[in-house]
Every structure is written in C-alpha cells, then in structure tokens.
1. Between residue 125 and residue 36, with labels modelled 7 Å along Cα→Cβ, what's the label distance in nm to one decimal, could you check?
2. For a test of the definition: using alpha carbon positions, the gyration tensor, and the 1.5 limit on a/c, classify the stretch 179-224 as rounded, prolate or oblate.
3. Classify the stretch 118-193 as rounded, prolate or oblate, taking a ≥ b ≥ c as the square roots of the eigenvalues of its Cα gyration tensor: rounded when a/c is under 1.5, otherwise prolate if a/b is larger than b/c and oblate if not.
4. Going by amide H atoms built from the backbone, whose H comes under 5 Å of the H on residue 116, apart from near neighbours?
5. If you wrap a convex hull around the Cα atoms of the stretch 38-129, how much volume per residue is inside, in Å³?
6. Give me the tail of P(r) for the stretch 94-160 as a percent: Cα-Cα pairs with distance above 18 Å.
7. In terms of modelled amide H atoms, which long-range or inter-chain residues lie less than 5 Å from the amide H of residue 47?
8. List the pairs from 166/216; 60/122; 46/166 whose alpha-carbon separation is above 24 Å, in the order I gave them.
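Derivation of every value follows stated rules applied to the coordinates shown; laboratory data play no part. What you are looking at is a predicted structure, and each value in this text was computed from that prediction instead of being measured. Cβ sites come from the backbone with ideal geometry, for glycine too, and all protein chains shown count toward neighbours.
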Amino acid sequence: MRKIISRVIYRAVLLAIVLMCFLAPTLSFAECAAPAPICDTYQQAKIVFLGEVIEVAAPKAAPHALRVLFRVTEGIKGVSGSHLTLAFARSSEEFHFVKGQQVLVYARQWRGYWFAGCTRTKEAIATDPEVAVVRGLSQGQSGGFVYGEIWSPTTEIRSMAGIRLKLRRDGTPLVVETVTDVFGRFQFPWLTAGRYSLIVIGGDRYRDAERSLDVKENSGCIAVQPFRLELRQP
C-alpha cells in the first residue's frame, strides 16, 4: 500500500512539473536576441499603443515592480483613454522607460504584472513604419503584410543579413525590393490583392530561389514558408 501511494505521489509531482513547463507562461528572458516578427508580437500582446512616458516610479509597497504612466497618443490594441498606468515586473523589464520618451509598446500580462521585455517595444513616433503595420493589423487593412525568413544549413545566421529579395506582381511592372536583417528575416509592406512571385537573389554565394504567393483582400499577416538556400557549386 505504501509503495502504491509513493508511486501516485511521484506521478502527480512529475505531471505538475510537465504542466508548469509546457502550459504556464515562462519568465525566462534569456533568448531575446531575435524579437518575434511584427505579426507574431502583435497577436501575442494584450495591449499595443503609441504614447509618451510621463512618469517612471518604483512603489515602496512593491519593490520588485516599476510603475510607468503613459500619455496614450494612439491606442492600437486593447487600449482606451488618454492615460494609462502599467506595473511592470522589474525582473522582466528589458526595455528601460525614460520620462519624455515616445514609445511603441507591446505588452502582455501575467500574475498582475505587465511584460514588455523580449517584445518589439521601442522608441517610435507616429510615422515609424512599424506603427503603420500594427495600425493596419488593428484596422483590418485590405491586402496582406508578407514576412518570412531565409536560412542555410551550411551558414551562420549572421551571414544571412543583406540578402536581396524581389516581389513582383504577376502581369504588372510592379516590383518591390527588400533585404534580410541580421537574423535572415524579411518583410514587405501592405500589398494589394493579386498573385506575386517572390524571388531571393542569392548573389555569388547562394543559388537564387523563387516562390509564388497569393495575396487576398483580407489576408492580413502572410507568413511565408522559410526559404532554404543552397550554396552555389564552386
């Protein structure tokens, strides 16, 4: 009987650990080198807004928290009103708010605290291209916002920066170009409905790659399947 009870307790503890690992939100912020794409960050955030930092304070009653007062200049998701006060957990706050800053804030909440660390929260003004993107997501802008990444199994990630991509709308002379960032990621502005050809210009190192892409009137975020680039034969 004692052995049976011990087994039951052991399995219960093991199950609790598994659930904590896979179901509970994590507070580990070690892997923040590559912030998620705009669309992913927007969808994960509970609130998104553009505003000015009015006050930053550390309440005596909650030494592990940081209280930030914002003047909201544009509520994009989950925000109403002209002012907003958020309590951030200090252990998670990797973006350092400073009085007078103009910021684009993406924040999610857990256990009464807000978290902006490991998101795309940054200094920004209303004309910032990223503000235009999240504004479009909020308003259900027609067309689609295309994003994705390229990689190579034989190459370090940092060497994937600066690779050119072309997006050509079939049957028209329209061609839009962009380049990958340091993580091999790319994005294109809002595109009108139509069929497009997405071309990766591999240059001297990689082979070119091409893929067709359909953009519909209400596509919203369009995540392109990652491109795997092959090295050119010497």
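1. 3.0 nm
2. Details: a/c = 3.21, a/b = 1.74, b/c = 1.85.
Note, shape of the stretch 179-224 comes out oblate.
3. Values: a/c = 2.35, a/b = 1.16, b/c = 2.02.
Cα axes put the stretch 118-193 in the oblate bin.
4. 94
5. Details: hull volume 8.3 nm³, N = 92.
Dividing the Cα hull volume of the stretch 38-129 by its residue count gives 91 Å³.
6. Values: 1314 of 2211 pairs.
Summing the P(r) of the stretch 94-160 above 18 Å gives 59 percent of all pairs.
7. 107
8. Working: 166/216 19 Å; 60/122 27 Å; 46/166 34 Å.
The answer is 60/122; 46/166.
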